[in-house]
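The values are calculated or read from the model by the stated rules, or taken from the named source; none is laboratory data. The structure displayed is predicted, hence computed values, not measured ones. For neighbour counting, all protein chains shown are included, and Cβ atoms are generated from backbone atoms with ideal geometry for every residue, glycine included. For accessibility, only protein heavy atoms count, side chains too; no ligands or nucleic acids. Shrake-Rupley method; radii C 1.70, N 1.55, O 1.52, S 1.80 Å.
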Amino acid sequence: MDSIGIVGAGAWGTALAATIRRAGRNVVLWAHEPEVVAGINATRANAAYLPDIALECGIRATIDLAEIAAQGVVLLVTPAQHLRATARALAPLWRPGTPAVICAKGIEQGTLAMMTEVVEAELPTAAIAVLSGPTFAIEVARGLPTAVTLACADQALGKRLVEAVGTPTFRPYLADDLVGAEIGGAVKNVLAIACGIVEGRGMGDNARAALITRGLAELTRLAVAKGGRAETLMGLSGLGDLILTASSSQSRNYSLGFALGEGRSLADILASRRAVTEGVWSAGAVVELAGRLGIEMPICAGVDAVINRGQDLDQAIAALLNRPFRAETR
């Protein structure tokens, strides 16, 4: 595990490269844009996605997936909806038993597959782990204190991965509930859009606190229905990630919701962004999966209705506020 490959040289992939290099590992970082690769190798910076962060020697960029597959560990940091295509491209190059650490957060549209299910299908010989939790890329890149969940069914492998990527300021906590860690990372993006809408609409801090709390209940119900454990969602990959993403303008999902709440159109917001806002793509899949499992997720359904079904924002808010009263723990 002295050399680690990272697929995806966006802000998060680049931040992971920086912190893993601080852990003493050599890093090979893959990007599909040749100009990003050339820029990193020539200037020691990723000007397109994480400007002003100097990248140490020991981080090398490539456009060749074969170089990534040759590393001892591979981190998959592509957007969720692109993960299958990336894993499929890696499959002919993959060495059996190589750990694949999934850093993408989302649910695949159409198939409703979790990211672990996608990788299991496309890279059946990979040893799978999930890295999730409350992280803003720029803070990780700067070496600010961060704690994450590293979920792995093989505890011996999980411990080796923790030792390989952990530093005093990037602290992975080991878990074995991959489903819970994945659901937290996927659903919190949808809930963060809702919290941004609340703020952009000027509905107050009480409303946002209520939404975070009831949203946590929604994602916990979904995780348990998929075979995860409720206590996992009380940790970094659930509550921790939700609090961060649903309360800061640094969050792409929260800031998109804020702009929607102010009255901007979704098309205009997305047109002004280069980075992917995962909650937009996950909302429909989350709601469809909940329906398939018989789980009620009214907040996520409201976000999906506004983003994907053209419902008026004020009508969606009114529908939530006029739901029947119920017991809190149901």
| field | Residue-level accessible surface for residue 68, protein heavy atoms, 1.4 Å, Å² | value | 0 Å²
| message | Charges at C-beta only: +1 for Lys and Arg, -1 for Asp and Glu. How large is the resulting dipole of the range 1-160 about its Cα centre, in Debye rounded to 20? | response | 360 debye
| said: At 1.4 Å probe size, put 274, 84 in order of accessible surface, largest to smallest. | reply: 274, 84
| query | Which percent, to the nearest 5, of DSSP beta bridges fully inside the chain are antiparallel? | reply | 20 percent
| query | Given a 1.4 Å probe and the protein chains all in place, what does the accessible area of residue 270 round to, in Å² to the nearest 10? | reply | 60 Å²
| task | Quickly estimate the mean residue ellipticity at 222 nm for the chain, helices only: each DSSP H run with n ≥ 4 gives -39500 (n - 2.57), and the total goes over all residues, rounded to 500. | result | -14500 deg cm²/dmol
| request: Could you tally the net charge around residue 228, taking each other residue with its Cβ under 10 Å from the Cβ of residue 228, Lys/Arg +1 and Asp/Glu -1? | output: -1
| remark: Within the range 1-85, the percent of DSSP beta bridges that are antiparallel, given to the nearest 5, stands at 5 percent
| Does anyone have the angle between helix 155-165 and the longest principal axis of the chain? Alpha-carbon axes, 0 to 90°, nearest 10? | 80 degrees
| Which net charge results for the neighbourhood of residue 269, defined as the other residues with beta-carbon distances under 13 angstrom from its beta-carbon, given Lys and Arg at +1 and Asp and Glu at -1? | +2
| task | Might you work out the accessible area of residue 114 for me, using a 1.4 Å probe with all protein chains in place, and round it to the nearest 10 Å²? | result | 0 Å²
| What net charge do the residues around residue 118 carry, taking every other residue with its C-beta under 13 Å from that of residue 118, with Lys and Arg at +1 and Asp and Glu at -1? | -2
